[in-house]
Amino acid sequence: MPPAPTSIASADSASPTPTAPPTAPPARVSGPRPAPRSTGHYVRMSGGGGTASLHGTHGSLASPHGTSSSSAFSLQSVGGGGSSSGGLPWTTAASQSLPSVATVSTGGLARAVATGGVVGSSAPSVVTLATTKRTARSNGSLKEPTFQGVFRPKFSRREDSEIYSVKFSTEEDFVAIALGNSHVQVYSTRSNDYVRTLVAPENEDASAENLPCTALAFLPELPASRTRGILAAGYSDGRIIHWHATTGQLVSAISEGDACGVNGLAYSGAQQPQQRFAAAGADAAVRVYDGQVHRRVATLVAGTPGLTAGHSNRVFAVRFHPRDQNLLVSGGWDNTIQIWDLRLGRSIRSIYGPHVCGDAVDVDDSGERIVTGSYAREDQLQIWAWADGRLLDAVPWSLMEGDRRTSMLYAASFGHGGLWAGGSGGRQQTAATASVAATPVPGSRQAQQQQQAAATQLVLAAGGGVYNEVKLFNLATKRAVGMAQGFGQAVYAAALSPSERMVAVAGGFRALHVYDIDAHGALAASIGAGGGIGGSGGATG
């Protein structure tokens, strides 16, 4: 049995060092490979310039590496590869090729498989049977970053690869991370223990590079939901795989081709009439899928003539409006935020300025405000009005006058738990399960709670710079109430749990750090009175 994940116990402070933007790896090189043979229920489709294969349940798949048994199915896609320089390490070449979608039914359960190739590409990518297994991670020590404010270290785990996404499950009992070696690690927040490694379908050619897992999103759940623990994982080669996070069962697989690399994922709310999920693409497109059969229903690329132009470069973040699943917002490298209407199939409004390089766009529970985090030295954390796109506020990264030791952001999000407004922080208050009910009656208890929550809105942001840090802000005072800094490299991903009781941080330093939020301590009590952390440096644990 491989060794357990390494626990990081040292409390020594690491000396902060400036962090340059990551660079892209060399392009993947691959050649023709033999097609797998099926020994069970197997359906093969073609169309849209590509092929897809669906493997029936409880079958086995033969490959050059042997025959494997699985209770899932496999997907084979034929597409191309590419390379690019600059930005995050896992970015790949963009293409405007739009694959087709095919739907297959096996074992009484409908699955949707998107298929397609890249025009002009001669290097196919082949996906074979998905497996779940434990993997050994490198041992070694890693100095704990310093912290202050409401952050309290819960647990840390060292990994053998960079981490590009981190997400909490709806019930907060699990936290998942997406690794640069294509694996997804799942940890329990109850026991702080390792749970499972989800390994994406491997290439037929064992010498081919495993492209990174770049985005994660848990399926939102209602209290009476019969489906729990479903995790969507996006990959830089255009795949979206749905897993059952705790059992390791592969639920479905979609492939849009290498040029359509997935940079971000988001689900609509659990109480929306027809659940959907969306993917932010490396080819400047936002793709929207039916949440039940996992079939693509829209590809958003166009703008409104004379008003908006859509995206012109890679898209890194996408979110649904919490009260209307026909509306989405996205951001990326082209320095624009686009607001989309699925009913029209195009962008209806643009915000110019934010340079988004990670999961750094979010919408508050009211649906009235957008937060953006920019990879910039100034005005990196901003609040915008959904209705007209005007700038409402800019949150200063440091309150110290003349302090130029700032952070350029990869991650930014609102809090959705209502914990600081005196709420229970329960999952019924989260954005994932937000009700689509009408506006509450003025003066009612619900209206008062919403006003109080708006007055104590939390914003989490993280990035790279002198300190490589993450900060939790009280938006009402524009002061940081919690902070951790001194990570060895840039923070690529940060997540605030649905109840606002935990924060997870990960990035180029190849480790996951999870913090409890001291919501009932004396320091937390001072938040409503305008308390906070003043400067950018000097944090101590």
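Spin-label model, Glu378/Arg226: points 7 Å from Cα along the beta carbon direction are separated by 5.8 nm.
Here Glu221 sits with roughly 10 square angstrom of accessible surface, probe radius 1.4 Å.
Ranking Arg479, Arg390 from most to least accessible surface, computed with a 1.4 Å probe over the protein chains only, gives Arg390, Arg479.
When the Cα positions of Ile348, Gln380, Val361 are compared along the charge dipole of the range 345-391, Ile348 comes out farthest toward the positive end, with charges on each C-beta of Lys, Arg, Asp and Glu. Note on the range 328-419: Rg/Rh from C-alpha atoms, Kirkwood Rh, equals 0.99.
Full extension of the chain between Glu368 and Gln274 yields a length gain of 31.7 nm, computed as 0.36 nm times the residue separation minus the alpha carbon distance. So the label point goes 7 Å from the Cα of Tyr352 along Cα→C-beta, right? Which residues of the range 293-309 then have their backbone N under 18 Å from it? Hits in the range 293-309 for Tyr352 at 18 Å: 303-309. For Arg295, the accessible surface of its heavy atoms amounts to roughly 100 Å² (probe 1.4 Å, protein chains only, rounded to the nearest 10).
Which value, in Å³ per residue, describes the convex hull spanned by the Cα atoms of the range 248-322?
On the way: hull volume 8.8 nm³, N = 75.
Cα-based convex hull of the range 248-322, divided per residue, equals 117 Å³.
Let me check I've understood the local charge: for Ile348, count other residues with C-beta under 14 angstrom from its C-beta, Lys and Arg +1, Asp and Glu -1. What total comes out? Display every interim value, and only then the final one.
Working: positive: Arg343, Arg346, Arg349; negative: Asp324, Asp341, Asp388.
Around Ile348, the surrounding residues sum to 0.
The values are calculated or read from the model by the stated rules, or taken from the named source; none is laboratory data. Quantities reported herein were computed from a predicted structural model and do not represent experimental measurements. Virtual Cβ from ideal backbone geometry, glycine too; neighbours counted across all protein chains shown. Each accessible area value is taken on the protein alone, full model and side chains, heavy atoms only, with ligands, DNA and RNA left out. Shrake-Rupley method; radii C 1.70, N 1.55, O 1.52, S 1.80 Å.
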